[in-house]
1. Of everything in the stretch B:127-152 that's buried (at least 24 other Cβ atoms within 10 Å of the Cβ) and more than 6 Å from the ligand (Cβ to nearest atom), which residue is farthest from B:V421 (Cα to Cα)?
2. Considering every residue within the stretch A:109-118, establish whether at least one is open to solvent by less than 10 Å² (accessible area, probe 1.4 Å) and touching a His at 6+ places or on another chain (Cβ under 8 Å).
3. Do we find that A:V199 is more than 7 Å from chain B (Cβ to nearest Cβ), in contact (Cβ under 8 Å) with a residue 24 or more places away in the chain and among the hydrophobic types (A, V, I, L, M, F, W, C) in this structure?
4. Checking A:D385 against (1) assigned to a loop (DSSP other than H, G, I, E, B); (2) out of contact with any helix residue (DSSP H, G or I) (no Cβ under 6 Å at 6 or more places or on another chain); (3) buried (at least 19 other Cβ atoms within 10 Å of the Cβ), only one condition comes out false. Which one?
5. Identify the residue in the stretch B:53-64 that is under 12 Å from B:L13 (Cα atoms) and touching a residue at least 40 places away in the same chain (Cβ under 8 Å) and, among all such residues, is most open to solvent (accessible area, probe 1.4 Å).
6. How many residues does the stretch A:359-387 contain that are under 16 Å from B:D188 (Cα atoms) and free of Cβ contacts under 8 Å to residues at least 40 places away in the same chain?
7. Assuming A:T140 fulfils every condition listed in (1) surrounded by 24 or more Cβ atoms within 10 Å (Cβ to Cβ); (2) within 14 Å of chain B (Cβ to nearest Cβ) apart from one, which condition is it?
Amino acid sequence: MPDDVLADLAAATDGDAVRPAGDGDAVAGVAPRYVAAPGSTEEAAALLRVAAARNLAVVVRGAGTKQDWGGPPRRLDLLLQTRRLTGVVEHAAGDLIVVVRAGTPVAELQAKLAPAGQQLALDTPLPPGAAATVGGVVATNTSGPRRMRYGTVRDLLIGITVVRPDGVLARAGGKVVKNVAGYDLGKLFTGAYGTLGLVTECAFRLHPLPTARAFLSCRSSDAAEAGSRVAAVLASQLAPSALEVDAAPGGGTETAVLLEGTARGVRERATAARALLGGATVTEQPPPWWSSYPWRSGDVGLKLTAALSGVPRLLAAAADAARRHRAPLTVRGSAGTGVLYGALPAATAPEAVAAIVTELRAETAAVGGHVVVLTAPLAVGERVDRWGPVEGLDLMRRVKAQFDPEARFAPGRFVGGI
Amino acid sequence: MTTTDISTLATALRPVLGDAQVISDRQELRTYECDGLAQYRVVPALVALPRTAAECAATVRACVDAGVPFVARGSGTGLSGGALPHAEGVLIVTSQMRAIRAVRPEDERAVVEPGVINLHVSRAAAPFGYYYAPDPSSQQVCSIGGNVAENSGGAHCLKYGFTTNHVTGLEVVTPDGDLVRLGGPAPDAPGYDLLGAFVGSEGTLGITTEVTVRLTRSPESVRTLLAGFAGTDQAGAATSAIIAAGVLPAAIEMMDALAIEAAEAAVRCGYPAGAGAVLIVELDGPAAEVDAHFTDVERLCREHGAGEIRVAADDAERALIWKGRKSAFAAVGRISPDYIVQDGVIPRTALPEVLRRIAEISAQRGVRVANVFHAGDGNLHPLVLFDDAVPGQAEQAEEVSGAILDICIAHGGSITGEHGVGMDKVGHMPRMYSADDLDTMQLLRCAFDPRGLANPGKVFPTPRLCGEVPGRRRGAHPLQEAGLAEVF
Ligand SMILES: Cc1cc2nc3c(=O)[nH]c(=O)nc-3n(C[C@H](O)[C@H](O)[C@H](O)COP(=O)(O)OP(=O)(O)OC[C@H]3O[C@@H](n4cnc5c(N)ncnc54)[C@H](O)[C@@H]3O)c2cc1C
């Protein structure tokens, strides 16, 4: 029997862009019926108009590296891939801005910018070989160590082009760094996990590549000692680009500082930083764990946040929870901004994960932060509340209802069942 | 809205806020009729001065119950008419919410009420070696709540970013009258970034009643130079060269000959005589880095034709260099009875070309334009001079001012870099954004304010989904109130 929906989708594109779904297209265990890979923003809009008319539930996929982040979709008909929405639209080196299509791998973008001595100053913690796309990074609000100096996606994104769930194409922001005309919809789409629409193009502010850098690392025996080192660096005027900690279960805590700048400047600052830390190893290359999540594929991955002064408390609480639950909880992340990542092995009993998450939530709440379960085996996902308490949830639901009244975009994958 | 409705509302509010906090006397109401853009004047039906978030929420709820629009006002220094009252609405003024609740250097945060003056945050943090980075020229009087609403910037935003990069938490009274927290002291709160959407929304998504700001560690070293050039072409080329060399100064500001003349007349800042343009470049950070880059900056300025270069030897000399720049708006009042402060953005590399175009238009129309701007990020503040006493001049100035915005749009820039859309630029929004773009922004608004009661008629030209009353654009009589301008 001919498939009318497939025919409609195909008619909206150049034909090759659409196919029936097959093995390997599932999103967190939920299989779609169709897969489409539009070649342009306009084609994407045409496809999404068909999806709207046919009441299709849609999930957007970039490289697919983070499809296990967030829960399984409540329903799924169309998997929309951005792999053909690639390439740099404009790189105005003199203006330090770039406009890039959402399916472009971030690594590819960085390679294009480097010859001009420029970078998108965003770390994308990645397992080797993963090719996170610009759209995926924006949609998941990925960040890494250097957020301490450069901020995160929300601070670097200056303009965005999206296709709304109803297939309407819209832009916000622009391609100048300074612009306060109208609402900053880029912020709304950042970290929205594809629940408000498809991001097709992003404009970013760029930064010059530094000429020199140095990593300083040192080991502390406990969270308190690491905490006082972190505090000393924060109180200094050394302007580090990153201040990270890595606490493996049972081991001590490693603290690492990244300094970026001119050759002379970095040399002098490294000397001062070394004294401040009470001795440290200075290297040009990062420590092996730098800018990588502490979990492996299939493990439980947590994001823990705190007001800055609460970081030592959180490190201590994590060590304590690991001991009591006999679970090897590794914690790592940006002590300089109050964002840590926690990992538990895939085999950890779901009840233990749930208990640890609950305990850590009490700790983060006391220091103004949150615990989010970024990635987890399905059995764990069913047992834990992935997002925890969310302030402003009612307003968020209203935003979702305005953009996607039929709840067709990644339904159920976001906070509060959005 | 009838007079009886308003008096019912006033009667309902008085027991909640206290008699002195509810103003209905016509004469007193008049003091609130305009903000920093004095060409628009509307006397509000009622003014409420809540002292707490709960009082603010109660005021909004009373407005909702009565179906009356409300407009938030901080210090009233806005330059786009954002705090222009609604004739049948309540103006909710935050001037009695001025407590700094906490300064926590160990968290790099301060928690302040919305009426707190921008500069007071830095003052409170200074003893700990921290400051609040966004520094609008109006920082001695403008409020943090107003900064949040406008996403205000300042000279040092080139390196440090704008208000949106320095606010991590808000308490907001929604247009329904509910108190909601968005963000907090920690980053990356789960869910949509409603905090990010709220900043810069110009009072159309609710009223903020508490702001958690990021404090920045004071730099080890600050170095400032003033360079005189033959003209804006050379100064613009020097700016581009500095950026291209990979230097990110804290600030790069430019003034052209007419702006220099005005500043000289007003504050005797002693800028290089006969310069066609000056650049102020400030570097800050660790001393070793600043020294290395400072040498580069001096060299690049010379290579691009700088005549005199003056380096500030101490804080007093630095203050003198900045004095001319910071007083520029007010100073223009010395050389022209009236002027329009324009605010547009272009890609930095288009600077020389755009300045030439502005000069051409100025010559063609016989309207003088003084240029003062944040050169580092391409944010122009052309000051269009005129004499309102001469018939036709105001209209001509308005035309030139509009033509400058057209140039900005044509170069892929923006109609406002920091002063906001407010009432003033509502008509320009469709030139920058398509109907669908604006419609999409309205979706956000409808989520927050389905009744369209929060600052209606501002920012958006036409009510699309929620049916608000569009703003009327009135005759152009641009004139900054002398009293206000003199503050700077
Ligand atoms: C001489 C001069 C120099 C200036 N220089 C700069 C500059 O360098 N950079 C810059 O960015 N701006 C500048 N401005 C513009 C102005 O100072 C800023 O826009 C400032 O942020 C306004 O603050 P305010 O407290 O005066 O707000 P108001 O003028 O009272 O209000 C501005 C807007 O904010 C809304 N609002 C006020 N309080 C709240 C609240 N609590 N919650 C929600 N909405 C609220 C109002 O409804 C209105 O839409 C300058 C103005 C002058 C007069």
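The values are calculated or read from the model by the stated rules, or taken from the named source; none is laboratory data. Nothing here was measured: the structure is a model prediction, and the numbers come from that model. Neighbour counts are summed over all protein chains in view; Cβ atoms, including those assigned to glycine, are modelled from backbone coordinates with ideal geometry. The accessibility values were calculated without ligands, DNA or RNA, using every heavy atom of the protein model including side chains. Shrake-Rupley method; radii C 1.70, N 1.55, O 1.52, S 1.80 Å.
1. This residue is B:Y132.
2. yes
3. Yes, satisfied.
4. (3)
5. Looking only at the stretch B:53-64, we keep the residues that are under 12 Å from B:L13 (Cα atoms), and these are B:55-63.
Those still in the list that are touching a residue at least 40 places away in the same chain (Cβ under 8 Å) too: B:56-63.
Working: B:C56: 1, B:A57: 4, B:A58: 22, B:T59: 0, B:V60: 0, B:R61: 104, B:A62: 17, B:C63: 0 Å².
Here the residue is B:R61.
6. Adding up the residues that qualify gives 3.
7. (1)
Condition check ((1) at pLDDT 95 or above; (2) under 29 Å from A:V380 (Cα atoms); (3) buried (at least 16 other Cβ atoms within 10 Å of the Cβ)) across all residues:
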position	(1), (2), (3)
A:V5	yes, no, yes
A:D14	no, no, no
A:A17	no, no, yes
A:P38	yes, no, yes
A:A52	yes, no, yes
A:D68	no, yes, yes
A:L79	yes, yes, yes
A:V89	yes, no, no
A:V99	yes, no, yes
